[in-house]
Amino acid sequence: MTPAESGMRNALRAYRRGCRGDEGRVRQMEAVEQTERAPGSSAAGVLGESVTPVPTPTHMQPPAVVKFHTPEVIIGRGALESVAEVAIGLGMSRPLVVSDATVRATAWHGELDSSLRRLPLAVSGFSDVSPNPRAEEVGAAFTAYLDHGADGVIALGGGSVIDAAKGVAIMATNGGHILRYEGIDRARLPLPPVIAAPTTAGSGSDVSQFCIINDSARGTKVTIVGRSLVPDVSIVDPRVLQTVSSAVTAQSGMDVVSHCVEAYVSLAHSRMTDGLALQALSMAWSSLARLVDNPADPEAGLDMAYATLKAGMAFTNAILGATHAMSHPVGGRCDAAHGAINSVLLPHVIRYNAQAHPARYAELGDAIGIDTTGSPRVVADRLAHAVESLAQRVGMPARLADLGVVAEDIPMLATLAMRDACMTTNPRLATADEIAQLYREAL
Ligand SMILES: [Fe+2]
């Protein structure tokens, strides 16, 4: 086992051991691994119809051996002030600050820049990152990194900015094109130091081993996974989280909800991740609408900061499921906000999965205080409805069509979703036809 082997791979391996006797799931795992070995290979025929559906396992125990990974976390009002000292502690003298145009115009960017220069550090910045960061933007940021002679990356922004910063770090030591690293543990060499200071309460990228980059040529998002992609330090300042628009807060918050739900029902969940997912869901559920209504509410802001952090720790170790597997190709196709897509898809995936495995959804329902009388299946249906109600309450779209998806997109979206790594830990073994049907229901 190399140092670069990720917690995700370990979790998937442990999960695969638990799949013995479930031939359909084993074949799905092998197909994903085959795709990883052949980058750029066509998605068609990799999974989809080539996998013979079999009944899903009636009971799946969490892995016997659990690995849990998390960065150092500094959280609280004023935490942003510590970035400069942390950078020096990590050995940076010439950091590249990655952000986007919106963040660059905020007082936080100026505050960070001033504190870095005071110490003094030789700082340069790159802020040409779009909401779904494109491979060519990562390439441009890497050029800025080289031009500055940088020795570390500081990300100040939402999940897109943090993912772009991770992409720069990958290229800095591993070389080549960022899309070469699609899959698990393809970036073998250690990365330069990375500090992530999130400005939205949602992505969890500041604590995760995921990096999602938009491959605009293929019209999809590429998932890059690896333990080395976990930032060295996550610095969460609720003051910063409270200065984004209500729309961004709503989108990001629904992403947090989807992280909690998918991590809790994931086939790679563990006792380490279960508590985090339940706590995060409970906090997000009681705080999200309050923060959308009143961004200055300090209690709601702190709750969402912790909910985001705990959900991120849960999902980066437990992995995710069909909602994210289906969301990634939609994001690549339509350039819509990740959290808004998840918000539409999550209730449909809950109902689909709960037809086979409702019990853990009922436990999630209990965590948010919905009526838990009746069978687990009934409670799971109530949970799906509650997610729809919360989404409507915070102004999310109801249909994929509202985000630009058209019926003709669905066959390719389903094919791409089936090869997404997140699909392997979905609690119900899905076929491409079933995923296409879910897209149609959500359209
Ligand atoms: Fe997400």
Of all residues in segment 157-180 being among the β-branched types (V, I, T) and closer than 23 Å to L241 by Cβ, the one that is surrounded by the fewest Cβ atoms within 10 Å (Cβ to Cβ):
V161
Return a yes/no flag: does segment 120-138 have any residue that is more than 16 Å from the ligand (Cβ to nearest atom), closer than 29 Å to R333 by Cα and among the hydroxyl-bearing types (S, T, Y).
yes
Which listed residue, of A187, A217, A201, is farther than 21 Å from P131 by Cα, among the aliphatic types (A, V, I, L, M) and either touching a Phe, Trp or Tyr at 6+ places or on another chain (Cβ under 7 Å) or modelled with pLDDT under 95 (or both):
A187
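Going through A289, A284 one at a time, which residue ends up being in a helix (DSSP H, G or I), in contact with a helix residue (DSSP H, G or I) (Cβ under 7 Å, 6 or more places away or on another chain) and within 16 Å of the ligand (Cβ to nearest atom)?
The match here is A284.
Does G339 satisfy being in the same structural domain as S270 (by TED's automatic domain parsing) and at positive phi?
no
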Yes or no: A155 closer than 25 Å to A336 by Cβ and touching a Lys or Arg at 6+ places or on another chain (Cβ under 9 Å)?
yes
Are there any pairs with C-beta distances below 7 angstrom linking a residue in segment 306-322 that is at positive phi and in the same structural domain as M254 (by TED's automatic domain parsing) to a residue that is assigned to a helix (DSSP H, G or I) and away from the ligand (no atom under 11 Å from the Cβ), with the two at least 6 apart or on different chains, and if so which?
I319/M8; I319/A11; I319/T425
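Please give the helices (runs of 4 or more DSSP H) falling wholly within segment 297-406 in which 2 or more residues are away from the ligand (no atom under 16 Å from the Cβ) and either in contact with a Ser or Thr (Cβ under 7 Å, 6 or more places away or on another chain) or at pLDDT 95 or above (or both).
298-318, 338-354, 359-367, 376-393
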Exclusive hit being surrounded by 24 or more Cβ atoms within 10 Å (Cβ to Cβ), outside the structural domain of A336 (by TED's automatic domain parsing) and more than 15 Å from the ligand (Cβ to nearest atom), set S216, S228, S234
S234
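Residue check: is L413 within 24 Å of I213 (Cβ to Cβ), touching a Phe, Trp or Tyr at 6+ places or on another chain (Cβ under 8 Å), assigned to a helix (DSSP H, G or I) and touching a residue at least 60 places away in the same chain (Cβ under 8 Å)?
yes
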Residues to consider are P376, P411; find the one that is over 18 Å from H357 (Cβ atoms) and surrounded by fewer than 19 Cβ atoms within 10 Å (Cβ to Cβ).
P411
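May I ask you to verify whether A263 is outside any helix (DSSP H, G or I) and hydrophobic (A, V, I, L, M, F, W, C)?
Numbers: outside any helix (DSSP H, G or I): no; hydrophobic (A, V, I, L, M, F, W, C): yes.
The answer is no for A263.
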Inspect all residues belonging to segment 352-367 and state whether any of them is among the small types (G, A, S), over 30 Å from I410 (Cβ atoms) and in contact (Cβ under 8 Å) with a residue 40 or more places away in the chain.
yes
Which number in (1) closer than 21 Å to M283 by Cβ; (2) in contact with a Gly (Cβ under 6 Å, 6 or more places away or on another chain) marks the one condition that A314 misses?
(2)
What are the residues in segment 104-135 that are more than 22 Å from S203 (Cβ to Cβ) and among the charged types (D, E, K, R), if any?
D113, R117, R118
Residue among A289, A277, A250 that alone is at pLDDT 95 or above and surrounded by fewer than 21 Cβ atoms within 10 Å (Cβ to Cβ)
A289
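Within the group G202, G149, which residue is away from the ligand (no atom under 16 Å from the Cβ) and in contact (Cβ under 8 Å) with a residue 40 or more places away in the chain? Full working, then the answer.
Working: G202 fails: away from the ligand (no atom under 16 Å from the Cβ).
Answer to the check: G149.
The values are calculated or read from the model by the stated rules, or taken from the named source; none is laboratory data. Source: prediction; values computed, not measured. All Cβ positions, even for glycine, are placed from backbone atoms using ideal geometry, and neighbour counts span all protein chains on display.
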